[in-house]
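Here's the structure, in structure tokens; my notes come after.
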Amino acid sequence: MIRNYFKVSVTLVAFLLSGAALIAQKKVTTSAVINFDATTGLNPLPKAANTAAIGSLDTRTGNIAFEVTIKNFSFANPRMQSDFNGKTWMDSNQFPTSTFKGRITNLTEINFKADGKYQARVEGSLTIHGVTQTISTTANIVVAGKQIKTSSQFSLKVKDYNISGPAIGAGKVATDPTVTVSADFK
């Protein structure tokens, strides 16, 4: 009887420890920063920042995901913010979030257990304005202790996401804005 109790106890402890190890491999953030820059020679104002994006990174599988609330993008010009959220641009009432779900494709080249700087290749699905497109980009990863800092910059074409508006056609807003994503995972 005592022997069976001991076996069950050891098995339970091993199970709990393996579960804790799996949980430790999934890192999260609730304060990723996403910058949106659609400036042109005619208009230097269409820049926005969102400091409340959420994200997750699984260091075991390389899966990475982000979600951002569109209305949380902040512009210096209130009218521009209103236009951005309106029906002719992002229509944030109908499409309140944007998501990215992907993975690091060169995971074997990144050691999340060793401090250092790594360059990751990332592929996945980006959904904006209700349209999903496959994208590929690179990301810089800095591992320092138990913290992982990531950053990436890429361009997208607004027409690929069915976004249009008079400012785009008039050259006041870039047709291929630059998106920068920075996240500290803990």
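Coordinate-derived values only; no laboratory data. Quick caveat, the model's predicted, so the values are computed rather than measured. Note that each Cβ is placed from the backbone with ideal geometry, even for glycine, and that neighbours are counted across all protein chains shown.
The modelled label-to-label distance between S74 and R103, using points 7 Å beyond Cα along the C-beta direction, is 3.7 nm. Averaging 1/r over each pair of different alpha-carbon atoms in the chain and inverting the result gives 18.4 Å, the Kirkwood hydrodynamic radius.
Relative contact order, percent, of the chain when contacts are C-alpha pairs under 8 Å separated by at least 6 residues? Relative contact order of the chain: 22 percent. Per-residue ellipticity at 222 nm from helix content only, as computed over the chain with -39500 (n - 2.57) for each DSSP H run of at least four residues, stands at -6000 deg cm²/dmol.
Averaging the Cα positions of each part gives two centres, and for the range 116-151 and the range 56-85 these lie 14 Å apart. When the pairs K87/K149; K27/K47; K87/K172; K27/K159; K149/K172; K47/K117 are compared against a 24 Å limit on Cα-Cα distance, K87/K149; K27/K47; K27/K159; K149/K172; K47/K117 fall above it. Taking a straight Cα-Cα cut-off under 17 Å and skipping sequence neighbours fewer than 8 places away in the same chain, the aspartates and glutamates within cross-link reach of K113 are D58, D184. Mean-square fluctuations from a GNM of the chain, with a 10 angstrom spring cutoff on Cα atoms, peak among K87, K159, K26 at K159. Using the basic label-point model (7 angstrom from Cα toward the beta carbon), what is the D160 to T178 distance in nanometres? That separation, rounded to one decimal, is 1.7 nm. You can think of it this way: the chain between V131 and L42 has 29.2 nm of extra reach, that is 0.36 nm per residue less the Cα-Cα gap. Taken one residue at a time, the phi angles of the range 125-133 give Karplus couplings (6.51, -1.76, 1.60, θ = phi - 60°) of 10, 10, 10, 9, 6, x, 10, 10, 10 Hz. Gly and Pro are set to x.
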